[in-house]
Amino acid sequence: MTEGSANKLLNGDACQRISVARKASKNGFAKSHSLFQEPHKYRRPGGKNQNVTQSNHSLYKNPFLESFEETPLLVAVLTYMGYGILTIFGYLRDFLRHWNIEKCHVAREREEQKDFVPLYQDFENFYTRNLYMRIRDNWNRPICSVPSAKMDLVERVSHDYNWTFEHTGKVVKEVINMGSYNYLGFAENSGACADAALESTRKYGVGVGSTRCEIGNLDIHEELEQLVARFLGVESSMAFGMGFATNSMNIPALVSKGCLILSDELNHASLVLGARLSGSTIRVFKHNNMQSLEKLLRDAIVNGQPRTHRPWKKILIVVEGIYSMEGSIVRLPEVIALKKRYKAYLYLDEAHSIGALGPNGRGVVDYFGLDPKDVDIMMGTFTKSFGAAGGYIGGKKELIDYLRCHSHSTLYATSMSPPVAQQIITSMKLIMGEDGTTLGVERVRQLSENTTYFRRKLRDMGFIIYGNDDSPVVPMMLYMPAKIGAFGREMLKRNIGTVVVGFPATPIIESRARFCVSAAHTREMLDTVSGSQSGAEVGDVLQLKYSRREKPLPPLAWMAEESLLQD
(Lines give C-alpha, C1' and ligand atoms only; values in the text may rest on other atoms or scores of the structure.)
Protein backbone atom coordinates (compact mmCIF):
# COMPACT_ATOMS: atom_id res chain seq x y z
CA MET A 1 0.00 0.00 0.00
CA THR A 2 1.44 3.34 -1.00
CA GLU A 3 1.52 6.30 1.32
CA GLY A 4 -0.96 8.22 -0.84
CA SER A 5 -3.51 5.42 -0.91
CA ALA A 6 -3.15 4.86 2.83
CA ASN A 7 -3.87 8.53 3.50
CA LYS A 8 -6.97 8.31 1.32
CA LEU A 9 -8.20 5.38 3.37
CA LEU A 10 -7.58 7.27 6.59
CA ASN A 11 -9.40 10.37 5.37
CA GLY A 12 -12.41 8.63 3.91
CA ASP A 13 -13.63 6.22 1.27
CA ALA A 14 -11.39 5.09 -1.55
CA CYS A 15 -11.89 3.18 -4.76
CA GLN A 16 -9.71 0.13 -5.16
CA ARG A 17 -9.36 -2.32 -8.06
CA ILE A 18 -10.93 -5.50 -6.76
CA SER A 19 -9.52 -8.98 -7.07
CA VAL A 20 -10.91 -11.78 -9.21
CA ALA A 21 -12.44 -13.42 -6.16
CA ARG A 22 -14.74 -10.46 -5.55
CA LYS A 23 -17.64 -9.55 -7.78
CA ALA A 24 -16.89 -6.29 -9.58
CA SER A 25 -19.28 -3.57 -10.60
CA LYS A 26 -19.64 -2.54 -14.23
CA ASN A 27 -16.64 -0.28 -14.19
CA GLY A 28 -14.44 -2.84 -12.43
CA PHE A 29 -14.17 -0.86 -9.17
CA ALA A 30 -15.71 -1.51 -5.77
CA LYS A 31 -16.42 0.96 -3.01
CA SER A 32 -14.39 0.25 0.13
CA HIS A 33 -15.15 1.61 3.60
CA SER A 34 -12.43 -0.42 5.33
CA LEU A 35 -9.48 1.31 6.95
CA PHE A 36 -7.17 -1.65 6.43
CA GLN A 37 -7.69 -3.81 3.35
CA GLU A 38 -7.21 -7.56 3.52
CA PRO A 39 -5.69 -8.65 0.22
CA HIS A 40 -5.96 -12.36 0.96
CA LYS A 41 -7.26 -14.77 3.55
CA TYR A 42 -5.55 -14.23 6.89
CA ARG A 43 -2.90 -16.64 8.02
CA ARG A 44 -0.40 -16.32 10.80
CA PRO A 45 2.56 -14.17 9.77
CA GLY A 46 5.11 -16.56 8.41
CA GLY A 47 6.45 -17.92 5.20
CA LYS A 48 8.47 -20.63 3.61
CA ASN A 49 11.64 -19.17 4.99
CA GLN A 50 11.20 -15.93 6.89
CA ASN A 51 8.45 -13.48 6.18
CA VAL A 52 8.25 -10.06 7.72
CA THR A 53 4.78 -8.84 8.60
CA GLN A 54 3.58 -5.88 6.65
CA SER A 55 2.09 -2.72 8.09
CA ASN A 56 0.36 0.47 7.03
CA HIS A 57 3.58 2.40 6.40
CA SER A 58 2.00 5.86 6.56
CA LEU A 59 1.30 5.34 10.28
CA TYR A 60 4.86 4.38 11.22
CA LYS A 61 7.87 6.64 11.55
CA ASN A 62 10.33 3.70 11.50
CA PRO A 63 10.20 0.24 9.90
CA PHE A 64 8.08 -2.20 11.89
CA LEU A 65 9.60 -5.66 11.45
CA GLU A 66 8.34 -8.87 13.02
CA SER A 67 9.20 -12.38 11.88
CA PHE A 68 7.43 -15.69 12.52
CA GLU A 69 9.14 -18.38 10.52
CA GLU A 70 6.84 -21.19 9.53
CA THR A 71 7.12 -24.52 11.35
CA PRO A 72 8.89 -27.05 9.10
CA LEU A 73 6.45 -29.77 8.01
CA LEU A 74 8.62 -32.66 9.19
CA VAL A 75 9.09 -31.05 12.60
CA ALA A 76 5.32 -30.54 12.94
CA VAL A 77 4.63 -34.18 12.05
CA LEU A 78 7.26 -35.47 14.50
CA THR A 79 5.88 -33.18 17.23
CA TYR A 80 2.35 -34.56 16.82
CA MET A 81 3.78 -38.08 16.82
CA GLY A 82 5.66 -37.32 20.04
CA TYR A 83 2.51 -36.14 21.80
CA GLY A 84 0.64 -39.15 20.41
CA ILE A 85 3.19 -41.61 21.82
CA LEU A 86 3.15 -39.84 25.20
CA THR A 87 -0.65 -40.00 25.25
CA ILE A 88 -0.69 -43.72 24.49
CA PHE A 89 1.80 -44.45 27.25
CA GLY A 90 -0.20 -42.18 29.54
CA TYR A 91 -3.34 -44.27 29.07
CA LEU A 92 -1.30 -47.41 29.64
CA ARG A 93 0.09 -46.06 32.90
CA ASP A 94 -3.40 -44.96 34.01
CA PHE A 95 -4.57 -48.54 33.37
CA LEU A 96 -1.74 -49.88 35.52
CA ARG A 97 -2.55 -47.36 38.27
CA HIS A 98 -6.21 -48.35 38.19
CA TRP A 99 -5.27 -51.95 38.97
CA ASN A 100 -2.66 -50.87 41.57
CA ILE A 101 0.18 -52.28 39.48
CA GLU A 102 1.83 -48.84 39.44
CA LYS A 103 1.71 -46.53 42.43
CA CYS A 104 -0.52 -43.49 41.95
CA HIS A 105 0.75 -40.24 43.49
CA VAL A 106 -2.13 -37.98 42.47
CA ALA A 107 -4.89 -36.82 44.80
CA ARG A 108 -7.85 -39.20 44.88
CA GLU A 109 -11.26 -39.31 46.51
CA ARG A 110 -11.55 -41.53 49.55
CA GLU A 111 -13.71 -44.61 49.22
CA GLU A 112 -16.28 -43.31 51.72
CA GLN A 113 -16.74 -40.20 49.55
CA LYS A 114 -17.50 -42.06 46.34
CA ASP A 115 -21.11 -40.82 46.34
CA PHE A 116 -20.04 -37.17 46.74
CA VAL A 117 -19.65 -34.78 43.87
CA PRO A 118 -15.99 -35.40 42.85
CA LEU A 119 -13.41 -32.77 43.63
CA TYR A 120 -10.84 -34.19 41.24
CA GLN A 121 -11.47 -35.22 37.65
CA ASP A 122 -8.99 -37.90 36.66
CA PHE A 123 -9.26 -37.22 32.94
CA GLU A 124 -8.77 -33.47 33.38
CA ASN A 125 -5.52 -34.17 35.22
CA PHE A 126 -4.28 -36.54 32.50
CA TYR A 127 -1.81 -34.02 31.08
CA THR A 128 -0.44 -33.18 34.52
CA ARG A 129 0.02 -36.82 35.51
CA ASN A 130 1.54 -38.19 32.37
CA LEU A 131 3.20 -35.35 30.45
CA TYR A 132 3.94 -32.40 32.71
CA MET A 133 5.25 -34.59 35.53
CA ARG A 134 8.02 -35.95 33.27
CA ILE A 135 9.60 -32.51 32.92
CA ARG A 136 8.40 -30.86 36.12
CA ASP A 137 11.99 -30.42 37.34
CA ASN A 138 12.39 -27.52 34.87
CA TRP A 139 10.02 -25.26 36.83
CA ASN A 140 9.69 -23.84 40.33
CA ARG A 141 13.41 -24.07 41.00
CA PRO A 142 14.17 -22.23 44.28
CA ILE A 143 16.77 -19.47 44.12
CA CYS A 144 18.72 -18.07 47.06
CA SER A 145 20.09 -14.76 45.77
CA VAL A 146 19.05 -11.59 44.02
CA PRO A 147 17.55 -12.49 40.59
CA SER A 148 19.89 -10.15 38.71
CA ALA A 149 22.11 -10.97 35.73
CA LYS A 150 23.44 -13.96 37.69
CA MET A 151 21.79 -15.90 40.49
CA ASP A 152 22.29 -18.85 42.84
CA LEU A 153 20.03 -21.91 42.69
CA VAL A 154 19.23 -24.38 45.45
CA GLU A 155 20.09 -27.86 44.18
CA ARG A 156 17.34 -30.44 44.42
CA VAL A 157 16.81 -34.05 43.37
CA SER A 158 13.83 -36.35 42.88
CA HIS A 159 13.74 -40.08 43.62
CA ASP A 160 10.17 -40.66 42.38
CA TYR A 161 10.23 -39.21 38.86
CA ASN A 162 9.49 -35.59 39.80
CA TRP A 163 6.50 -36.23 42.07
CA THR A 164 8.48 -34.89 45.05
CA PHE A 165 11.82 -33.12 45.45
CA GLU A 166 14.52 -33.08 48.13
CA HIS A 167 17.11 -30.35 48.67
CA THR A 168 20.67 -31.63 48.70
CA GLY A 169 21.99 -28.70 50.73
CA LYS A 170 24.20 -27.57 47.86
CA VAL A 171 23.94 -24.30 45.94
CA VAL A 172 24.58 -23.88 42.22
CA LYS A 173 26.52 -20.61 42.02
CA GLU A 174 26.75 -17.95 39.31
CA VAL A 175 23.93 -19.17 37.05
CA ILE A 176 23.33 -16.72 34.18
CA ASN A 177 19.75 -15.56 34.58
CA MET A 178 17.93 -15.53 31.22
CA GLY A 179 14.46 -16.00 32.68
CA SER A 180 13.65 -13.02 34.94
CA TYR A 181 11.80 -9.94 33.67
CA ASN A 182 14.63 -7.78 34.97
CA TYR A 183 14.75 -5.69 31.80
CA LEU A 184 16.60 -2.65 33.16
CA GLY A 185 18.57 -4.47 35.85
CA PHE A 186 16.91 -2.77 38.84
CA ALA A 187 16.44 -6.09 40.67
CA GLU A 188 19.53 -5.61 42.81
CA ASN A 189 20.51 -5.50 46.49
CA SER A 190 22.90 -2.57 46.23
CA GLY A 191 22.85 0.86 44.65
CA ALA A 192 20.53 3.85 44.79
CA CYS A 193 17.27 1.86 44.65
CA ALA A 194 18.24 -0.57 47.41
CA ASP A 195 19.51 2.24 49.64
CA ALA A 196 16.31 4.27 49.17
CA ALA A 197 14.11 1.23 49.88
CA LEU A 198 16.10 0.52 53.06
CA GLU A 199 15.66 4.10 54.25
CA SER A 200 11.93 3.89 53.50
CA THR A 201 11.67 0.72 55.58
CA ARG A 202 13.24 2.51 58.52
CA LYS A 203 10.77 5.37 58.18
CA TYR A 204 7.49 3.59 57.37
CA GLY A 205 8.07 -0.08 58.17
CA VAL A 206 7.23 -2.88 55.76
CA GLY A 207 3.44 -3.19 55.96
CA VAL A 208 0.60 -0.67 56.04
CA GLY A 209 -2.22 -2.78 57.48
CA SER A 210 -5.08 -0.92 55.81
CA THR A 211 -6.61 -0.01 52.48
CA ARG A 212 -6.01 3.26 50.66
CA CYS A 213 -9.55 4.49 51.32
CA GLU A 214 -9.20 4.03 55.09
CA ILE A 215 -5.92 4.82 56.88
CA GLY A 216 -3.48 3.20 54.45
CA ASN A 217 -2.94 6.18 52.17
CA LEU A 218 0.63 7.41 52.77
CA ASP A 219 2.38 10.43 51.33
CA ILE A 220 4.74 8.09 49.49
CA HIS A 221 1.74 6.64 47.62
CA GLU A 222 0.65 10.11 46.57
CA GLU A 223 4.19 10.89 45.40
CA LEU A 224 4.32 7.66 43.42
CA GLU A 225 1.06 8.33 41.58
CA GLN A 226 2.03 11.87 40.67
CA LEU A 227 5.39 10.61 39.37
CA VAL A 228 3.74 7.86 37.30
CA ALA A 229 1.37 10.40 35.72
CA ARG A 230 4.32 12.59 34.71
CA PHE A 231 6.26 9.59 33.44
CA LEU A 232 3.35 8.48 31.24
CA GLY A 233 2.34 11.97 30.14
CA VAL A 234 -1.25 11.64 31.38
CA GLU A 235 -3.43 13.71 33.71
CA SER A 236 -3.60 11.29 36.61
CA SER A 237 -2.76 7.75 37.71
CA MET A 238 -3.26 5.33 40.56
CA ALA A 239 -1.09 2.47 41.84
CA PHE A 240 -2.07 -1.01 43.02
CA GLY A 241 -0.22 -3.59 45.08
CA MET A 242 -0.61 -6.46 42.59
CA GLY A 243 -0.10 -6.41 38.84
CA PHE A 244 -2.48 -9.29 38.08
CA ALA A 245 -5.27 -7.67 40.09
CA THR A 246 -4.72 -4.36 38.30
CA ASN A 247 -6.26 -5.98 35.22
CA SER A 248 -8.61 -8.53 36.72
CA MET A 249 -10.22 -6.13 39.23
CA ASN A 250 -10.33 -2.91 37.20
CA ILE A 251 -11.76 -4.09 33.90
CA PRO A 252 -15.03 -5.09 35.65
CA ALA A 253 -15.24 -1.52 36.99
CA LEU A 254 -14.94 -0.08 33.47
CA VAL A 255 -17.31 -2.28 31.45
CA SER A 256 -20.32 -4.43 32.29
CA LYS A 257 -23.30 -6.15 30.71
CA GLY A 258 -24.27 -4.46 27.44
CA CYS A 259 -20.64 -3.61 26.65
CA LEU A 260 -18.39 -5.30 24.10
CA ILE A 261 -14.74 -6.26 24.66
CA LEU A 262 -12.56 -6.94 21.62
CA SER A 263 -9.58 -8.90 22.91
CA ASP A 264 -6.41 -10.05 21.17
CA GLU A 265 -6.28 -13.86 21.11
CA LEU A 266 -2.92 -13.87 22.92
CA ASN A 267 -3.82 -11.51 25.76
CA HIS A 268 -2.59 -12.35 29.26
CA ALA A 269 -4.69 -14.43 31.66
CA SER A 270 -5.29 -11.39 33.89
CA LEU A 271 -6.94 -9.56 30.98
CA VAL A 272 -9.01 -12.63 30.12
CA LEU A 273 -10.16 -13.02 33.73
CA GLY A 274 -11.02 -9.34 34.05
CA ALA A 275 -13.06 -9.47 30.83
CA ARG A 276 -14.97 -12.53 32.02
CA LEU A 277 -15.68 -11.05 35.46
CA SER A 278 -17.08 -7.89 33.85
CA GLY A 279 -20.07 -9.71 32.35
CA SER A 280 -19.43 -8.03 29.00
CA THR A 281 -19.69 -9.78 25.67
CA ILE A 282 -16.21 -10.86 24.56
CA ARG A 283 -15.07 -11.31 20.99
CA VAL A 284 -11.53 -12.31 20.10
CA PHE A 285 -9.57 -11.07 17.10
CA LYS A 286 -6.53 -12.73 15.55
CA HIS A 287 -3.22 -11.75 17.04
CA ASN A 288 -2.05 -8.32 15.87
CA ASN A 289 -4.29 -8.61 12.80
CA MET A 290 -5.91 -5.29 11.98
CA GLN A 291 -8.22 -6.73 9.32
CA SER A 292 -9.66 -9.13 11.90
CA LEU A 293 -10.09 -6.32 14.46
CA GLU A 294 -11.72 -3.99 11.95
CA LYS A 295 -14.16 -6.68 10.84
CA LEU A 296 -15.28 -7.19 14.44
CA LEU A 297 -15.63 -3.42 14.93
CA ARG A 298 -17.74 -3.02 11.80
CA ASP A 299 -19.94 -6.02 12.66
CA ALA A 300 -20.42 -4.69 16.20
CA ILE A 301 -21.54 -1.30 14.96
CA VAL A 302 -23.77 -2.64 12.19
CA ASN A 303 -25.46 -5.45 14.14
CA GLY A 304 -25.37 -4.12 17.71
CA GLN A 305 -26.14 -6.40 20.64
CA PRO A 306 -27.40 -9.95 20.08
CA ARG A 307 -31.18 -10.40 19.78
CA THR A 308 -32.10 -6.78 20.60
CA HIS A 309 -29.68 -5.17 18.09
CA ARG A 310 -29.39 -2.17 20.38
CA PRO A 311 -26.13 -0.24 20.17
CA TRP A 312 -23.38 -1.37 22.51
CA LYS A 313 -22.93 0.81 25.59
CA LYS A 314 -19.16 0.75 25.13
CA ILE A 315 -16.72 -1.01 22.82
CA LEU A 316 -13.37 -1.63 24.51
CA ILE A 317 -10.32 -2.81 22.56
CA VAL A 318 -7.88 -4.66 24.84
CA VAL A 319 -4.26 -5.20 23.72
CA GLU A 320 -0.79 -5.61 25.21
CA GLY A 321 2.38 -3.65 24.48
CA ILE A 322 4.69 -6.68 24.25
CA TYR A 323 3.21 -10.16 24.14
CA SER A 324 5.24 -12.22 26.57
CA MET A 325 5.07 -15.55 24.72
CA GLU A 326 5.45 -14.30 21.15
CA GLY A 327 7.89 -11.43 21.64
CA SER A 328 5.71 -9.34 19.33
CA ILE A 329 4.84 -5.66 19.73
CA VAL A 330 1.32 -4.35 19.29
CA ARG A 331 0.60 -2.41 16.09
CA LEU A 332 -0.43 0.55 18.17
CA PRO A 333 -0.61 3.21 15.43
CA GLU A 334 -3.07 1.05 13.49
CA VAL A 335 -5.08 0.16 16.59
CA ILE A 336 -5.41 3.85 17.47
CA ALA A 337 -6.48 4.66 13.89
CA LEU A 338 -9.23 2.01 14.10
CA LYS A 339 -10.24 3.15 17.58
CA LYS A 340 -10.71 6.72 16.38
CA ARG A 341 -12.56 5.74 13.22
CA TYR A 342 -15.08 3.50 14.99
CA LYS A 343 -15.35 5.54 18.24
CA ALA A 344 -14.17 2.73 20.51
CA TYR A 345 -12.11 2.85 23.72
CA LEU A 346 -8.58 1.45 24.03
CA TYR A 347 -7.13 -0.44 27.01
CA LEU A 348 -3.35 -0.88 26.69
CA ASP A 349 -1.50 -3.32 28.97
CA GLU A 350 2.18 -2.28 29.11
CA ALA A 351 3.33 -4.86 31.64
CA HIS A 352 6.33 -5.90 29.54
CA SER A 353 6.82 -2.78 27.43
CA ILE A 354 6.96 -0.01 30.04
CA GLY A 355 10.60 0.78 30.71
CA ALA A 356 11.75 -1.70 28.07
CA LEU A 357 10.71 0.12 24.89
CA GLY A 358 11.12 3.60 23.51
CA PRO A 359 14.05 6.01 23.44
CA ASN A 360 13.02 7.30 26.88
CA GLY A 361 11.91 3.96 28.28
CA ARG A 362 8.28 5.06 28.46
CA GLY A 363 6.77 2.08 26.72
CA VAL A 364 5.17 1.30 23.41
CA VAL A 365 3.59 4.77 23.10
CA ASP A 366 7.07 6.30 23.33
CA TYR A 367 8.42 3.62 20.97
CA PHE A 368 6.04 4.70 18.19
CA GLY A 369 6.22 8.41 19.06
CA LEU A 370 2.48 8.66 19.72
CA ASP A 371 0.40 10.92 21.94
CA PRO A 372 -0.47 9.25 25.29
CA LYS A 373 -3.85 10.98 25.16
CA ASP A 374 -4.84 8.70 22.27
CA VAL A 375 -4.85 5.73 24.68
CA ASP A 376 -7.88 5.84 26.98
CA ILE A 377 -6.63 3.46 29.68
CA MET A 378 -2.88 2.97 30.12
CA MET A 379 -2.08 0.02 32.34
CA GLY A 380 1.30 -1.38 33.34
CA THR A 381 3.14 -3.18 36.08
CA PHE A 382 6.11 -2.36 38.29
CA THR A 383 7.19 -5.99 38.53
CA LYS A 384 9.51 -6.05 35.53
CA SER A 385 11.48 -3.00 34.42
CA PHE A 386 11.29 -1.37 37.87
CA GLY A 387 12.30 -4.45 39.90
CA ALA A 388 9.39 -4.04 42.33
CA ALA A 389 5.76 -5.20 42.60
CA GLY A 390 2.29 -3.91 41.77
CA GLY A 391 0.71 -2.12 38.84
CA TYR A 392 -0.79 1.19 37.73
CA ILE A 393 -3.53 2.67 35.60
CA GLY A 394 -3.14 6.09 33.99
CA GLY A 395 -5.47 8.30 32.00
CA LYS A 396 -7.80 11.26 32.38
CA LYS A 397 -8.51 12.59 35.85
CA GLU A 398 -12.19 11.67 35.53
CA LEU A 399 -11.26 8.06 34.84
CA ILE A 400 -8.94 7.79 37.82
CA ASP A 401 -11.41 9.48 40.17
CA TYR A 402 -14.06 7.00 39.04
CA LEU A 403 -11.77 4.01 39.67
CA ARG A 404 -10.89 5.26 43.16
CA CYS A 405 -14.56 4.85 44.07
CA HIS A 406 -15.47 1.72 42.10
CA SER A 407 -12.35 -0.46 41.77
CA HIS A 408 -12.21 -3.53 44.03
CA SER A 409 -8.42 -3.23 44.09
CA THR A 410 -8.75 0.17 45.75
CA LEU A 411 -11.61 -0.53 48.13
CA TYR A 412 -10.58 -3.93 49.45
CA ALA A 413 -6.86 -4.47 48.84
CA THR A 414 -4.14 -3.54 51.32
CA SER A 415 -1.97 -0.59 50.32
CA MET A 416 1.35 -1.08 48.58
CA SER A 417 4.30 -1.72 50.87
CA PRO A 418 6.29 1.54 51.41
CA PRO A 419 9.74 0.11 50.49
CA VAL A 420 8.22 -1.27 47.29
CA ALA A 421 6.77 2.15 46.47
CA GLN A 422 10.15 3.74 47.15
CA GLN A 423 11.89 1.23 44.86
CA ILE A 424 9.53 2.27 42.05
CA ILE A 425 10.00 5.99 42.71
CA THR A 426 13.79 5.77 42.71
CA SER A 427 14.05 3.58 39.61
CA MET A 428 11.54 5.73 37.71
CA LYS A 429 13.42 8.92 38.56
CA LEU A 430 16.60 7.25 37.32
CA ILE A 431 14.92 6.47 33.99
CA MET A 432 13.60 10.04 33.74
CA GLY A 433 17.00 11.50 34.64
CA GLU A 434 15.60 13.37 37.65
CA ASP A 435 18.40 12.01 39.84
CA GLY A 436 20.87 14.21 37.98
CA THR A 437 22.64 11.29 36.26
CA THR A 438 22.37 9.50 32.91
CA LEU A 439 22.30 6.03 34.50
CA GLY A 440 18.68 5.38 33.56
CA VAL A 441 19.09 6.46 29.95
CA GLU A 442 22.22 4.32 29.66
CA ARG A 443 20.31 1.27 30.92
CA VAL A 444 17.54 1.82 28.37
CA ARG A 445 20.14 2.11 25.60
CA GLN A 446 22.04 -0.94 26.86
CA LEU A 447 18.87 -3.03 26.86
CA SER A 448 18.18 -2.07 23.25
CA GLU A 449 21.72 -2.95 22.20
CA ASN A 450 21.67 -6.27 24.06
CA THR A 451 18.33 -7.18 22.51
CA THR A 452 19.49 -6.49 18.96
CA TYR A 453 22.80 -8.32 19.49
CA PHE A 454 21.30 -11.43 21.11
CA ARG A 455 18.46 -11.81 18.60
CA ARG A 456 20.81 -11.44 15.64
CA LYS A 457 23.26 -13.95 17.06
CA LEU A 458 20.63 -16.64 17.66
CA ARG A 459 19.21 -16.15 14.17
CA ASP A 460 22.64 -16.36 12.56
CA MET A 461 23.24 -19.65 14.36
CA GLY A 462 20.16 -21.19 12.71
CA PHE A 463 17.54 -21.06 15.49
CA ILE A 464 13.96 -20.01 14.76
CA ILE A 465 13.29 -16.83 16.73
CA TYR A 466 9.84 -15.25 17.04
CA GLY A 467 8.80 -11.67 17.54
CA ASN A 468 9.87 -8.11 16.92
CA ASP A 469 13.52 -7.20 16.47
CA ASP A 470 13.24 -4.65 19.32
CA SER A 471 11.50 -6.93 21.83
CA PRO A 472 13.60 -8.05 24.83
CA VAL A 473 11.40 -11.15 25.05
CA VAL A 474 13.11 -13.68 22.76
CA PRO A 475 11.21 -16.95 22.11
CA MET A 476 13.35 -19.71 20.59
CA MET A 477 11.36 -22.57 19.11
CA LEU A 478 11.81 -26.11 20.46
CA TYR A 479 8.62 -27.73 19.08
CA MET A 480 8.93 -31.34 20.30
CA PRO A 481 7.78 -32.23 23.85
CA ALA A 482 10.89 -34.24 24.72
CA LYS A 483 13.11 -31.27 23.88
CA ILE A 484 11.34 -28.99 26.38
CA GLY A 485 12.82 -30.75 29.38
CA ALA A 486 16.06 -31.65 27.66
CA PHE A 487 16.83 -28.04 26.74
CA GLY A 488 16.22 -26.71 30.24
CA ARG A 489 18.38 -29.42 31.84
CA GLU A 490 21.24 -29.12 29.35
CA MET A 491 21.39 -25.34 29.72
CA LEU A 492 21.43 -25.62 33.53
CA LYS A 493 24.35 -28.05 33.28
CA ARG A 494 26.20 -25.17 31.61
CA ASN A 495 25.15 -22.74 34.39
CA ILE A 496 22.47 -21.00 32.33
CA GLY A 497 18.96 -20.60 33.72
CA THR A 498 16.21 -20.48 31.09
CA VAL A 499 12.43 -20.67 30.96
CA VAL A 500 10.91 -23.40 28.79
CA VAL A 501 7.24 -23.28 27.82
CA GLY A 502 4.93 -25.87 26.28
CA PHE A 503 1.30 -26.78 25.79
CA PRO A 504 -1.20 -25.57 27.05
CA ALA A 505 0.60 -22.23 27.52
CA THR A 506 1.51 -22.35 23.80
CA PRO A 507 -0.02 -24.09 20.77
CA ILE A 508 0.69 -27.81 20.89
CA ILE A 509 3.35 -27.76 18.16
CA GLU A 510 5.00 -24.50 19.24
CA SER A 511 6.86 -25.31 22.45
CA ARG A 512 9.69 -22.87 23.05
CA ALA A 513 12.41 -21.55 25.29
CA ARG A 514 11.91 -17.92 26.31
CA PHE A 515 14.91 -15.71 26.95
CA CYS A 516 14.47 -12.35 28.67
CA VAL A 517 17.29 -9.95 27.87
CA SER A 518 18.40 -7.47 30.53
CA ALA A 519 20.46 -4.30 30.55
CA ALA A 520 22.44 -5.98 33.34
CA HIS A 521 23.69 -8.67 30.96
CA THR A 522 27.18 -8.07 29.68
CA ARG A 523 28.27 -8.93 26.15
CA GLU A 524 30.34 -11.77 27.61
CA MET A 525 27.25 -13.26 29.29
CA LEU A 526 25.25 -13.15 26.06
CA ASP A 527 28.17 -14.71 24.21
CA THR A 528 28.30 -17.46 26.83
CA VAL A 529 24.59 -18.21 26.43
CA SER A 530 24.83 -18.42 22.64
CA GLY A 531 28.45 -19.59 22.46
CA SER A 532 29.90 -22.80 21.12
CA GLN A 533 30.19 -24.35 24.60
CA SER A 534 26.56 -23.70 25.61
CA GLY A 535 23.69 -22.56 23.39
CA ALA A 536 25.23 -23.60 20.09
CA GLU A 537 26.35 -26.94 21.52
CA VAL A 538 22.92 -27.66 23.02
CA GLY A 539 21.34 -26.67 19.71
CA ASP A 540 23.54 -29.19 17.88
CA VAL A 541 23.01 -31.98 20.43
CA LEU A 542 19.21 -31.56 20.46
CA GLN A 543 19.05 -30.61 16.76
CA LEU A 544 17.21 -27.33 17.38
CA LYS A 545 18.57 -25.34 14.43
CA TYR A 546 15.41 -25.58 12.35
CA SER A 547 15.68 -22.29 10.50
CA ARG A 548 15.75 -22.37 6.70
CA ARG A 549 16.77 -18.75 6.35
CA GLU A 550 19.82 -18.00 4.31
CA LYS A 551 22.74 -17.77 6.71
CA PRO A 552 25.01 -14.71 6.43
CA LEU A 553 28.29 -15.23 4.62
CA PRO A 554 31.38 -15.33 6.87
CA PRO A 555 33.49 -12.18 6.67
CA LEU A 556 36.39 -12.45 4.23
CA ALA A 557 39.90 -12.14 5.62
CA TRP A 558 40.85 -9.39 3.23
CA MET A 559 37.89 -7.14 4.04
CA ALA A 560 39.52 -5.60 7.12
CA GLU A 561 42.74 -4.98 5.23
CA GLU A 562 40.87 -3.42 2.31
CA SER A 563 38.98 -1.11 4.63
CA LEU A 564 42.26 0.08 6.15
CA LEU A 565 43.58 0.84 2.68
CA GLN A 566 40.45 2.83 1.89
CA ASP A 567 40.85 4.84 5.07
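Listing for the model above:
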{"read-out": "Bridge type composition, the stretch 192-432 - antiparallel percent by DSSP, nearest 5", "value": "40"}
{"read-out": "Separation between Cα centres of the stretch 490-555 and the stretch 158-203, rounded to whole Å", "value": "22"}
{"read-out": "Sites matching trypsin sites (Lys or Arg not before Pro) across the stretch 96-193 that sit in DSSP coil, with at most 10 neighbouring C-beta atoms within 10 Å", "value": "K103, R110, K114"}
{"read-out": "Estimated translational D of the stretch 209-330 in µm²/s (Stokes, Kirkwood radius over Cα pairs; 4 °C; 1.567 mPa s)", "value": "79"}
{"read-out": "The stretch 88-176: Cα Rg divided by the 2.2 N^0.38 Å rule of thumb", "value": "1.46"}
{"read-out": "Cα lying deepest toward the dipole's positive end in the stretch 95-159, options N130, H159, V117, charges on Cβ", "value": "H159"}
{"read-out": "Cβ-derived FRET efficiency at R0 30 Å, R108 paired with V499, nearest 0.05", "value": "0.40"}
{"read-out": "Ranked order, H105, H98 - accessible area, probe 1.4 Å, largest first", "value": "H98, H105"}
{"read-out": "Whether the stretch 330-446 is rounded, prolate or oblate, judged on the alpha carbon gyration tensor where a/c under 1.5 counts as rounded", "value": "oblate"}
{"read-out": "Point-charge dipole on Cβ atoms (K/R +1, D/E -1) for the chain, about Cα centre, debye to 20", "value": "2140"}
{"read-out": "Net charge contributed by nearby residues that have their C-beta within less than 12 Å of M151 (K/R +1, D/E -1)", "value": "0"}
{"read-out": "Computed lengthening from E398 to L73, 0.36 nm per intervening residue step minus Cα-Cα distance", "value": "111.7 nm"}
{"read-out": "Three-way shape label, the chain, alpha-carbon gyration tensor, a/c 1.5", "value": "rounded"}
{"read-out": "Local electrostatic count, N162, Cβ distance below 13 Å [Lys/Arg +1, Asp/Glu -1]", "value": "+3"}
{"read-out": "Rounded to 5, percent antiparallel among DSSP beta bridges of the chain", "value": "65"}
{"read-out": "Cα-only Debye scattering, the stretch 280-342: base-10 log of I(q)/I(0) at q = 0.18, 0.29 Å⁻¹", "value": "-0.69, -1.39"}
{"read-out": "Convex hull per residue volume in Å³, alpha carbons only, for the stretch 47-204", "value": "318"}
{"read-out": "Rounded Å value of the spacing that divides the Cα centres of the stretch 311-381 and the stretch 87-146", "value": "41"}
{"read-out": "Accessible surface, per residue, of the chain when the full set of protein chains is kept, probe 1.4 Å, Å²", "value": "50"}
{"read-out": "Alpha-carbon centroid distance for the pair the stretch 204-218 / the stretch 245-294, whole angstrom", "value": "31"}
{"read-out": "Computed P(r) (all Cα pairs; the stretch 192-432; 10 Å bins; percent)", "value": "8, 33, 35, 18, 6, 1, 0"}
{"read-out": "Nearest-20 debye value, the stretch 192-432 charge dipole, Cβ charges on Lys, Arg, Asp, Glu", "value": "940"}
{"read-out": "Which of S270, V234, V364, positive extreme of dipole for the stretch 192-432 (C-beta unit charges)", "value": "S270"}
{"read-out": "Computed accessible area, R523, all protein chains, 1.4 angstrom probe, square angstrom", "value": "90"}
{"read-out": "Magnitude of the charge dipole, the stretch 458-550, Cβ model with Lys/Arg +1 and Asp/Glu -1, debye to 20", "value": "260"}
{"read-out": "Subset of K384/K483; K150/K397; K457/K493 violating a 32 Å alpha-carbon distance limit", "value": "K150/K397"}
{"read-out": "Positive-end extreme of charge dipole, the stretch 192-432 - chosen from F244, I315, F386 (charges on Cβ)", "value": "I315"}
{"read-out": "Paramagnetic reach from D160 in the stretch 71-105 [backbone N under 12 Å; point 7 Å along Cα→Cβ]", "value": "103-105"}
{"read-out": "Equivalent ellipsoid dimensions for the stretch 142-237 as semi-axes, Å, which come from the Cα gyration tensor, largest first", "value": "37, 18, 15"}
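The values are calculated or read from the model by the stated rules, or taken from the named source; none is laboratory data. For clarity, every value in this text was computed on a predicted model and none was experimentally measured. Neighbour counts run over all protein chains shown; Cβ positions are idealised from the backbone, glycine included. Quick note on the areas: whole protein, heavy atoms, side chains included, nothing else; ligands and nucleic acids left out. Shrake-Rupley method; radii C 1.70, N 1.55, O 1.52, S 1.80 Å.
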